[in-house]
1. Hey, could you check segment 319-359 for residues that are open to solvent by 50 Å² or more (accessible area, probe 1.4 Å) and not in a loop (DSSP other than H, G, I, E, B) and say which is nearest to ligand 1 (Cβ to nearest atom)?
2. From L267, L176, L237, L199, grab the single residue that is more than 23 Å from the chain's Cα centre (by Cα), within 16 Å of ligand 1 (Cβ to nearest atom) and touching a residue at least 40 places away in the same chain (Cβ under 8 Å).
3. Pairs please, first residue from segment 421-441 and of a type in the set (S, T, N, Q), second anywhere and in a loop (DSSP other than H, G, I, E, B), Cβ atoms under 9 Å, 6+ apart in sequence or on different chains.
4. In segment 45-56, which residue that is within 13 Å of I88 (Cβ to Cβ) and open to solvent by less than 10 Å² (accessible area, probe 1.4 Å) is farthest from ligand 2 (Cβ to nearest atom)?
5. If a residue must be in contact (Cβ under 8 Å) with a residue 60 or more places away in the chain and either within 16 Å of ligand 1 (Cβ to nearest atom) or within 14 Å of F168 (Cβ to Cβ) (or both), how many such residues does segment 211-234 contain?
6. For segment 16-31, state whether one or more residues are within 16 Å of ligand 2 (Cβ to nearest atom), in contact with a Ser or Thr (Cβ under 6 Å, 6 or more places away or on another chain) and in the same structural domain as E86 (by TED's automatic domain parsing).
7. For residues that are within 22 Å of the chain's Cα centre (by Cα) and under 17 Å from I329 (Cβ atoms), tally how many sit in segment 270-300.
8. Could you figure out which of (1) touching a strand residue (DSSP E or B) at 6+ places or on another chain (Cβ under 9 Å); (2) open to solvent by 30 Å² or more (accessible area, probe 1.4 Å); (3) polar (S, T, N, Q) isn't true of T439?
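The values are calculated or read from the model by the stated rules, or taken from the named source; none is laboratory data. Values in this document were obtained by computation on a predicted structure and should not be read as measured data. As a convention, Cβ positions derive from the backbone with ideal geometry for all residues, glycine included, and neighbour counts pool all protein chains shown. Accessible surface areas use protein heavy atoms only, side chains included; no ligands, DNA or RNA. Shrake-Rupley method; radii C 1.70, N 1.55, O 1.52, S 1.80 Å.
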Amino acid sequence: MDFDVLFIGSGQAAWNGAIPMSQAGLKVGVIEQDRFGGVCSNYGCNAKIILDRPVELQRQVQQLVGRGFNEVPALNWADMMAHKHEIIDSQSYNNENKLVKNNVTTIHGTATIVDQRTVTVGADTYTTDKLVIATGQHSHRLDIPGSEFLHDSSDFLDLATMPKHISFLGGGFVALEFATIANALGAQVDIIVRGTQVLKGFYQPYVKQLVADLSARGVRFFYNQTIAGVTQDADGLVIMSEKDLNMRTDYVVDATGRVATVAGFGLETIGVTTNQHGIVVDEYMQTNVPGVYATGDVVGKRQPKITPVAAYESQYLAKLLTGQTSAPIDYPVIPTTVFTSPRLAQVGVSPAEMTPENGYYQQKFTHVTDWYHQVGNQTSGELTLVFNAEHRLIGVVDLSDDAPDTINALAPYIELGLTAEQVERLIYIFPSVAHRAVTRL
Ligand SMILES: Cc1cc2nc3c(=O)[nH]c(=O)nc-3n(C[C@H](O)[C@H](O)[C@H](O)COP(=O)(O)OP(=O)(O)OC[C@H]3O[C@@H](n4cnc5c(N)ncnc54)[C@H](O)[C@@H]3O)c2cc1C
Ligand SMILES: NC(=O)c1ccc[n+]([C@@H]2O[C@H](COP(=O)([O-])OP(=O)(O)OC[C@H]3O[C@@H](n4cnc5c(N)ncnc54)[C@H](O)[C@@H]3O)[C@@H](O)[C@H]2O)c1
């Protein structure tokens, strides 16, 4: 055998496991057809957060005009994009180098599975004892007339100039985060959704506040619009819905989700079972084909398709395949955030899940009157804590500039179920987001 473990894909779902496996003495290979490090590193989280940073800061300065700042600094997209390239362009090399330094064999090209122990890349054939499918997801593309005029998240994250008018189809993470960025850069922004809600997985009363905030800044929301097609003429693009929408725009981002990359590289040949969300795995991340595993975004489970989950699954697999555990995977509570301004973040049980039967109760705090949020003159936002009948914290949702830090501070209380004695042992820096968050308990 060439390898003990061979990964197809080099993203978070691969390298987080590949490195510890190799460090434990296994012969490990990673095949990548694009840039090493996958979507998060090259086309997702990292690029997005670099472009978002000036937007986030501008918003914070805006809130302090007349309270220390005289004016709001203008954003310069060309410089922001240059900064993105400065950081991201070397990521693929760095990611591959990290694998190489840890004795992981890196292979460039598209993998094709021949059988459950054999993979080809071009003219080369590799054999392996265990195969891990970590091929992630790719952008969904609406099947409509004019789909050739649609762009995806990677295109947006590489825009040389910000269009004057930009329209997002879909109301999920990508649409709301990128709309926030484009709006701050002065574009006219539309969010066009099929249903009646955006950010469906998030606590809707807070989503409504977020939508009101974006609307007040000029973002237009169009609901109940199923897109019929997009046409192009000399003046630009026109989006038409099956109902009454007929909108002229300059740039359209199809943000209608991402689909698991499961086709065209031999999964069918070996009979791996998939569902509508991706590859079906058991509680050991193994597919129905013995010795073939899957991790990360490509997995057909309900867990959020985000980087920390991909990393967690990959690290679990490393422990399993190096004999450090024989237990099934056990997911902790998983926080999620949408990086809008303000941020919306949540973890654990949502206030929407409270019923008289389960005895859950909530405590709400408005940030508008809270001294800590007044430091930055945050003009909106709320925090809700959810407790169970035994007064244990089981859920948090926060809408504020600091929401991810609030959630990071409180998630351990939910996951570890800390006792009063343990909590008393913890001292947090004062003043800080974490300190403010835990004093709410
Ligand atoms: C715009 C955007 C923003 C995001 N922002 C965040 C965020 O802020 N926070 C967060 O937690 N998550 C975020 N995510 C999600 C995060 O990027 C993913 O959850 C994460 O990248 C999943 O890692 P993965 O390793 O499972 O898959 P990927 O990173 O998609 O890696 C899969 C790799 O497999 C390769 N591949 C596929 N098929 C083959 C083949 N046959 N042969 C060889 N190679 C192959 C692909 O080229 C790819 O590099 C974002 C995603 C997007 C699109
Ligand atoms: N902050 C983060 O953690 C972050 C940021 C960006 C992306 N991501 C990851 O990337 C994934 C993709 O993000 P996304 O925003 O593209 O997807 P999403 O699943 O969050 O949202 C997709 C949107 O498109 C709509 N939609 C789906 N099919 C449609 C159709 N046929 N016609 C019209 N509308 C349709 C959905 O109702 C939803 O509003 C996310 O699920 C998440 O896993 C995470």
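1. By that ranking, first place goes to K319.
2. L267
3. Every condition considered, the pairs that remain are T439/Y428.
4. L51
5. 3
6. no
7. Counting residues in segment 270-300 that are within 22 Å of the chain's Cα centre (by Cα) and under 17 Å from I329 (Cβ atoms) gives 13.
8. Result: T439 fails condition (1) only.
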